[in-house]
Amino acid sequence: MPPRSTLRYWLLRFLGGIVLLVAAGSGVFRGVLAVLPGFAGFYLALSSVTPIVLLLSVQPRTRRAWSEAATEAFARASLPRRIYYLLAAVAEVDGPMSPAERETVRQFVRERFFGTESAEELRLWEAQPVQVDDRTGLAARIAFGLGPAELDTLFCWCCLVAFADHNYREPEHRALQEVARGLGIAPPRARLLFHLAKAQYLRGESRERTAQATDGLTDKARALSVLGLPADASPDTIRRRHRELVRRFHPDAQPNLGPVAQQEATERFREIQRAYETLAH
């Protein structure tokens, strides 16, 4: 049987469910025995639909061929390890990671997965990288199985790593575009997430660093950027935008990424609220 992460697995599962449904409906099974195969077939077919749709949407974003070794290494990796590979790929977009950047990525993974992966384990990941220069493909392969809120969080993590060396430039911008494409995040939503991640990053900096990084933006200009609005947005437009974003970014459970991801989703929601309050005054 092929691995669960492959399209072939889910197609075979779907076809198996259809076969059971047909057999149950054709009278092959009698009496009570006909109910169980029919129920099982319905469950197998129905539960396969969503994975099939997701995998079909992922395939166009993973067309670049990987070596057999890279494919096998990625297939064996845990979710935290796969996320580490993606974050490292973003950090390395402008050249090999510096010691400071490497420690930033290590700390980032340790904090978000609560130390479940030891320092020794992280060093093993560094010693056995996935040898691909394909941020879109990396992101797309991780995206399968994550919910929309978790995809938002993962993109924000990539943004935070891109900001970490205090030198955000065009290569990082292109890398984040590639990641968003792989995660299936549309450009308007990616821009909103970028500004929400930037606000999170600035809050974590010292006052001096924040003053330097804001590039002279006023509180109103920053609030407008967080809400994705132009400088001349009317009060009515601001209210409509706020209602829309509250619906779209309301914190959801993030079972695959852990409690820190949930906290960060909540903080993004609060940032939208803070931006609206700034503009409403």
Requested in this report: May I ask you to verify whether Ala231 is over 16 Å from Gly147 (Cβ atoms) and not in a helix (DSSP H, G or I)?
Outcome: yes
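Quick one: in the stretch 65-84, which of the residues that are of a type in the set (D, E, K, R) and within 15 Å of the chain's Cα centre (by Cα) is farthest from Arg106 (Cα to Cα)?
Start the filter on the stretch 65-84 by keeping residues that are of a type in the set (D, E, K, R), which leaves 68, 72, 76, 81-82.
Filter once more, so that each one left must be within 15 Å of the chain's Cα centre (by Cα): 81-82.
On the way: Arg81: 11, Arg82: 13 Å.
For the stretch 65-84, the residue satisfying everything is Arg82.
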Query raised in the report: Regarding Ala143, is this residue modelled with pLDDT under 90, farther than 30 Å from Ser47 by Cβ and either surrounded by 18 or more Cβ atoms within 10 Å (Cβ to Cβ) or not hydroxyl-bearing (Ser, Thr, Tyr) (or both)?
Result: no
**Report entry** Tally of residues being of a type outside the set (Asp, Glu) and either free of Cβ contacts under 8 Å to residues at least 12 places away in the same chain or loosely packed, with under 13 Cβ neighbours inside 10 Å (or both) across the stretch 48-75
**Finding:** 13
Query raised in the report: Which condition number does Gly16 fail, the rest of (1) in a helix (DSSP H, G or I); (2) at pLDDT below 85; (3) surrounded by fewer than 17 Cβ atoms within 10 Å (Cβ to Cβ); (4) not hydrophobic (A, V, I, L, M, F, W, C) being met?
Result: (2)
Report task. For the stretch 234-277, name all the residues that are within 23 Å of the chain's Cα centre (by Cα), among the small types (Gly, Ala, Ser) and in a loop (DSSP other than H, G, I, E, B). Result -> Ala253, Gly258
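From the list Arg222, Arg247, Arg181, Arg240, which residue is at pLDDT 90 or above, farther than 24 Å from Ala88 by Cβ and of a type outside the set (Phe, Trp, Tyr)? Break it down stepwise before answering.
On the way: Arg222 fails: at pLDDT 90 or above; Arg247 fails: at pLDDT 90 or above; Arg181 fails: farther than 24 Å from Ala88 by Cβ.
Result of the check over Arg222, Arg247, Arg181, Arg240: Arg240.
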**Report entry** Inter-residue pairs, beta-carbon under 8 Å, first on the phi > 0 side of the Ramachandran plot and in the stretch 5-33, second in a helix (DSSP H, G or I) and modelled with pLDDT under 80, 6+ apart
**Finding:** Gly27/Ala34
Query raised in the report: Counting just the residues of the stretch 165-176 that are within 16 Å of Leu196 (Cα to Cα) and surrounded by fewer than 21 Cβ atoms within 10 Å (Cβ to Cβ), which one comes out farthest from the chain's Cα centre (by Cα)?
Result: Tyr168
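The values are calculated or read from the model by the stated rules, or taken from the named source; none is laboratory data. Everything numeric here is computed off the predicted structure, so don't read it as measured data. Here the Cβ is made from the backbone with ideal geometry for all residues, glycine too, and neighbour counts use every protein chain on show.
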